[in-house]
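Novice: Pasting a structure here, questions to come.
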Amino acid sequence: METKRRAIGLTGILAAAFAAVIVSESAEAQGYQYYAVTPCRIVDTRYPNPFQPPPRNTTPTVITALYPPTSETWWPGPYDALNPVGIKVRLAPLYDGTGNCGVPSTAAAVSVNASMVNGNTLGYFNMWPSNAAFPTVATMIVGQGETVTSNGAIVPLGPYSTGNPDMYVRYSTGQKPGSAHLTLDITGYFAP
């Protein structure tokens, strides 16, 4: 019986080592490595965010939800000037204009912790790269009456440009007009 346990244990160790080699080779083939950073708040719409696109650079600005006419089951919605929200993450200072999250211009994606704060209706947030079409999958679902909802995500970034956002965030609801504030904390990034 002891020999059988050792054989099973050895088989498990070999399988884990083999899987680690496959994952390592796959990551190398992609050319990106994950770099963790101390969680860093890049956006907080409850306060002015000096280095984000206007008007959020000078004014606390709630995100007003887009919502569909009742006759449609799925609706991508118009692009309101303030929704989606364009967000800079590469080489960008913290939401209050101090420090830096350390995300280089070569970053291809970021890991984030997004939080909806003080939402007033059921809805969802989508996050996507600035050069891509609006996704049909929600990044975070917001429940009715929840004062704070958070979710972690890995978000690819569009091509780097000093004048353009790296990614977009949009808040939508299927019921009625709503609003929420958004905090976005960077927890790491993927780069060559």
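Novice: Restricting attention to region 138-161, and to residues there that are over 14 Å from Ile87 (Cβ atoms) and modelled with pLDDT of 85 or more, which single residue is surrounded by the fewest Cβ atoms within 10 Å (Cβ to Cβ)? Even if it seems obvious, please write down each step before you answer.
Specialist: Quick first cut of region 138-161, residues over 14 Å from Ile87 (Cβ atoms) only: 138, 140-152, 154, 159.
Next, from what is left, pick out any that are modelled with pLDDT of 85 or more: 138, 140, 150-152, 154, 159.
Details: Ala138: 15, Met140: 20, Ser150: 12, Asn151: 16, Gly152: 12, Ile154: 15, Pro159: 10.
Going through the qualifying residues, I end up with Pro159.
Novice: Can you name the residue in region 89-129 that is out of contact with any strand residue (DSSP E or B) (no Cβ under 6 Å at 6 or more places or on another chain) and hydroxyl-bearing (Ser, Thr, Tyr) and, of all such residues, is farthest from Leu182 (Cα to Cα)?
Specialist: Result: Ser105.
Novice: From the list Val89, Val112, which residue is surrounded by 20 or more Cβ atoms within 10 Å (Cβ to Cβ) and either of a type in the set (D, E, K, R) or in a loop (DSSP other than H, G, I, E, B) (or both)?
Specialist: Working: Val112 fails: either of a type in the set (D, E, K, R) or in a loop (DSSP other than H, G, I, E, B) (or both).
None of the others qualify; the one that does is Val89.
Novice: Consider region 120-161. How many of its residues are in contact (Cβ under 8 Å) with a residue 12 or more places away in the chain, under 27 Å from Pro192 (Cβ atoms) and outside any strand (DSSP E or B)?
Specialist: Adding up the residues that qualify gives 8.
Novice: If the requirement is being at pLDDT 85 or above, over 13 Å from Tyr171 (Cβ atoms), in the same structural domain as Met140 (by TED's automatic domain parsing) and not aromatic (Phe, Trp, Tyr), which of these qualifies: Pro68, Pro93, Pro39? Lay out the reasoning, then the answer.
Specialist: Working: Pro68 fails: at pLDDT 85 or above; Pro93 fails: at pLDDT 85 or above.
Exactly one residue qualifies, and that residue is Pro39.
Novice: It is to be established whether one or more residues within region 165-178 are of a type outside the set (Val, Ile, Thr), free of Cβ contacts under 8 Å to residues at least 40 places away in the same chain, surrounded by fewer than 15 Cβ atoms within 10 Å (Cβ to Cβ) and more than 14 Å from Ile87 (Cβ to Cβ). Don't jump to the end; show me each part of the working.
Specialist: Here is the first cut: in region 165-178, the residues of a type outside the set (Val, Ile, Thr) are 165-168, 170-172, 174-178.
Checking which are free of Cβ contacts under 8 Å to residues at least 40 places away in the same chain leaves us with none.
No, the conditions are met nowhere in region 165-178.
The values are calculated or read from the model by the stated rules, or taken from the named source; none is laboratory data. This one's a predicted model, so the numbers in the text were calculated from it and none came from an experiment. Because the Cβ atoms are built from the backbone with ideal geometry, glycine has one as well, and the counts that use them run over all protein chains shown.
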